[in-house]
Amino acid sequence: MLLLGLMFFMVSAIVSAQTTTVIKFSLVAESDTPKGKAAQRFKELVEQASQRRMRVDVYPNNLLYKEADELEALQLGAIQMLAPTLSRLSQFGLQEFEVFDLPFLFRDRADVARVIEGPIGKALLKKVESKGMVGLGYWDNGFKVMTGNRPLRMPADFSGMKMRIYPSRVLDKQMDLLGAQPQIIDAQQIYLAMKAKLIDGSEGIPLSIQTRRLYEVQSNLTISNHGYMGSAVVVNKKFWDGLPSASRAIIERALREATAYGNDLAERENAAALVLLKKNPALKVHVLTPVEEQAWREALQPVRADFEGRLGRAIVSAVTSELNRGKLAP
């Protein structure tokens, strides 16, 4: 019996040593985008630090789930990690994340960092736990511009246009105030929808416009930088709680490094994409003048007042106060 018990212990130890924790990381973005590259860096770091006891399988470009379905798949445990846009989180009762959609809220990346890296960003990530997720960090996508099948300089130019947006009541209201008709379409379908003239334009980051070749189906681009687009990296809570503390530490450390890498990459690649778009002879590129920007700001000002109740006056006030402190900093 002693020998049998010893053999059982040895077999169990071998099986345990060979057990690999698999993390399925689903992405909407393509593998060659900053998000795709950041996910790949995360994979390499986790697998190296865990000595292959953890394996990260990255599924880019909607290989597993469409953009509209991925959060539900995460909650059900079909996948373990996601990096959905912040707007998507509002669909699951986390409307506070729509604060990031408020127009002309952030001046630059430093403003964004003040919010997401401080107490406000941490408190927001804590809220996702009530939905069966754990928030691990934020990934930058960049600042948004507008594309259209006609010039978009003043608010009146949007009148009657069908504009693609991410699912967000803030963005819906934004387009409504501009006189446009907001349309929610999966990212992978934008090109075909524009080609079929189902939509007339969209808002998005320069890199996506370039990589999705939207210049083939859009004639105008307005550099407005009117809004910010970011993502939250989230993990299934049941899966996370079941991991040993050492494994969680490896994931958190790897994600911090991958986040810094991906965010810097997003800034550089958006800038490079904008250069290419400006040089594209098929596209008329317009930079908002100070007068035009002021007209946009005035047209969109009611968004903030209208949505304080939905987002929570406390979160809007906290973000505004933090950004105002940033303006006064030396």
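The values are calculated or read from the model by the stated rules, or taken from the named source; none is laboratory data. None of the values given here were measured: they were computed from a predicted structure. Positions of Cβ are generated from backbone atoms using ideal geometry, with glycine treated the same way; all protein chains shown enter the neighbour counts.
Name the residues in region 83-131 that are within 30 Å of LEU64 (Cβ to Cβ) and of a type in the set (A, V, I, L, M), would you?
Selection gives ALA83, LEU86, LEU89, LEU94, VAL99, VAL112, ILE116, LEU124, LEU125, VAL128.
Here are the criteria: (1) surrounded by 18 or more Cβ atoms within 10 Å (Cβ to Cβ); (2) touching an Asp or Glu at 6+ places or on another chain (Cβ under 9 Å); (3) more than 29 Å from LEU311 (Cβ to Cβ). Tell me which single one LEU214 does not satisfy.
Checking LEU214 against (1) surrounded by 18 or more Cβ atoms within 10 Å (Cβ to Cβ); (2) touching an Asp or Glu at 6+ places or on another chain (Cβ under 9 Å); (3) more than 29 Å from LEU311 (Cβ to Cβ), the one that fails is (2).
What single numbered condition from (1) touching a residue at least 40 places away in the same chain (Cβ under 8 Å); (2) surrounded by fewer than 18 Cβ atoms within 10 Å (Cβ to Cβ); (3) not acidic (Asp, Glu) fails to hold for VAL145?
Result: VAL145 fails condition (2) only.
So which of ALA260, ALA282, ALA249, ALA232 ends up being surrounded by fewer than 17 Cβ atoms within 10 Å (Cβ to Cβ), of a type in the set (A, V, I, L, M, F, W, C) and not in a helix (DSSP H, G or I)? Before the answer, list the steps.
Values: ALA260 fails: not in a helix (DSSP H, G or I); ALA249 fails: not in a helix (DSSP H, G or I); ALA232 fails: surrounded by fewer than 17 Cβ atoms within 10 Å (Cβ to Cβ).
Unique residue meeting the criteria: ALA282.
Of all residues in region 37-93, which are buried (at least 20 other Cβ atoms within 10 Å of the Cβ), of a type in the set (A, V, I, L, M, F, W, C) and assigned to a loop (DSSP other than H, G, I, E, B)?
Matches in region 37-93: ILE79, ALA83.
Would you check which residues across region 191-207 are aliphatic (A, V, I, L, M), part of a helix (DSSP H, G or I) and out of contact with any helix residue (DSSP H, G or I) (no Cβ under 7 Å at 6 or more places or on another chain) and list them?
Of everything in region 191-207, those that are aliphatic (A, V, I, L, M), part of a helix (DSSP H, G or I) and out of contact with any helix residue (DSSP H, G or I) (no Cβ under 7 Å at 6 or more places or on another chain) turn out to be LEU192, ALA193.
Please find, within region 1-36, the residue that is farthest from ARG52 (Cα to Cα) out of those that are assigned to a helix (DSSP H, G or I) and at pLDDT 85 or above. So that I can check it myself, show each step before the final result.
Just the residues of region 1-36 that are assigned to a helix (DSSP H, G or I), to begin with: 2-18, 34-36.
After this cut, where a residue has to be at pLDDT 85 or above as well, the list is 34-36.
Working: PRO34: 24, LYS35: 23, GLY36: 21 Å.
Top of the filtered list is PRO34.
Name the single residue, out of those in region 16-36 being of a type in the set (Val, Ile, Thr) and surrounded by fewer than 18 Cβ atoms within 10 Å (Cβ to Cβ), that is nearest to ALA249 (Cα to Cα).
Among them, the one singled out is THR21.
I need every pair where a residue in region 156-174 that is more than 13 Å from ILE185 (Cβ to Cβ) has its Cβ under 6 Å from the Cβ of a residue that is assigned to a loop (DSSP other than H, G, I, E, B), sequence separation at least 6 or different chains.
Pairs that qualify, where the first residue is more than 13 Å from ILE185 (Cβ to Cβ) and the partner is assigned to a loop (DSSP other than H, G, I, E, B), are PHE158/LEU178; PHE158/GLY179; PHE158/ALA180; SER159/GLY179; MET161/ALA180; MET161/ASP200; GLN174/PRO103.
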